[in-house]
Each structure stands twice: as C-alpha cells, then as structure tokens.
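For reference, the structure is listed below as structure tokens.
The values are calculated or read from the model by the stated rules, or taken from the named source; none is laboratory data. Just so we're clear, the structure is a prediction, and the values are computed from it rather than from any experiment. Cβ atoms come from the backbone with ideal geometry, glycine included; neighbour counts cover every protein chain shown. The protein model used for the area step is the full one, side chains on, heavy atoms only, and it has no ligands, DNA or RNA in it. Shrake-Rupley method; radii C 1.70, N 1.55, O 1.52, S 1.80 Å.
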Amino acid sequence: MASVYTASSTASGDGRNGHVRSTDGVLDLDLAVPKEMGGPGGALTNPEQLFSAGYAACFHSALKAVARAQKITLTDTAVTVDVGVGPNGNGGFQLEVAIEAEIGGVDEATAKALIEAAHQVCPYSNATRGNVEVALSVA
C-alpha cells in the first residue's frame, strides 16, 4: 500500500500516565489512567479517548462519503464512538467499540444502510475488523 498520509506520535514518561506528542507538535498531551482503571483520572485524556475521537471523525467522514456517492443528501449528522477496554481472559486486555450515528434527512432503513456502508469504507473499521467487536446503531 502506498500511504497518502502518515501520522507519527511518540509516547514518553510512564505509559498511560505519561505524555504523547505528534512529530509536528499539533498533538501534545499529558495522559492519565482513568479512575475506572485505578488511576487518578481528572482533566487529562487517555488512549481510549484518543482512539474514540479518531474513529468518530473518520467514521463520520466515511458516512458522508458513502452518502455523497449514493447521491443522498444528509442534513444533521453526528457520530459517537464509545471505546471500552477490559480483560481478554488471557492475561491481556482488549477493546470493544460501539458506533452510534445520528443521520438526519433519511428514513431508518436508509440510515442503517448508510452506516453499514460506512463501516466497509472507514479505515478504522477496516483496521479493527476481525480483531475488535464493533456494534453499529442509528440514533
């Protein structure tokens, strides 16, 4: 595959309680383990929030692209991605994802078809397919 764009970031410090910075400096954040995982939580982000934000933005773009390709006009749209992390039963951890799309301007059947089509196009969906359980729903 010939990449069109490559993002690069470096994590330093104490892993989930450390720091991440993109090579271009646009992303430059301290991290904290969420309280639910035994950490301090607070006003700092964590890897799951960063993943959910990236997946939501990417999936929203895929949703709009498949609608455009099908000549469907969407009005108000939003995509929420929940990323859960928990034990995998083998001593490690795994992710689970729930994607909820708000799709205005179309009936429920069309909305469901669009979210399914977006799931086939989205790079995050393609990267997680077969590795991460992903649940799709329309609000």
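Miscellaneous remarks
- Taken over segment 1-43, the criterion of being open to solvent by 60 Å² or more (accessible area, probe 1.4 Å), under 21 Å from residue 97 (Cα atoms) and hydrophobic (A, V, I, L, M, F, W, C) is satisfied by 37 alone.
- Residue identified as under 23 Å from residue 7 (Cβ atoms) and under 18 Å from the mean Cα position of the chain (by Cα) among 136, 63: 63
- Residue in segment 72-94 that is closer than 16 Å to residue 54 by Cβ, modelled with pLDDT of 95 or more and of a type in the set (S, T, N, Q) present: yes
- In the set 98, 56, 67, only one residue is in a strand (DSSP E or B) and touching a strand residue (DSSP E or B) at 6+ places or on another chain (Cβ under 9 Å); that residue is 98.
- Of all the numbered requirements in (1) touching a residue at least 24 places away in the same chain (Cβ under 8 Å); (2) touching a helix residue (DSSP H, G or I) at 6+ places or on another chain (Cβ under 9 Å); (3) not charged (D, E, K, R), residue 34 misses one, and that requirement is (1).
- Of the residues making up segment 81-101, those that are buried (at least 16 other Cβ atoms within 10 Å of the Cβ) and within 14 Å of residue 60 (Cα to Cα) are 81, 99, 100, 101.
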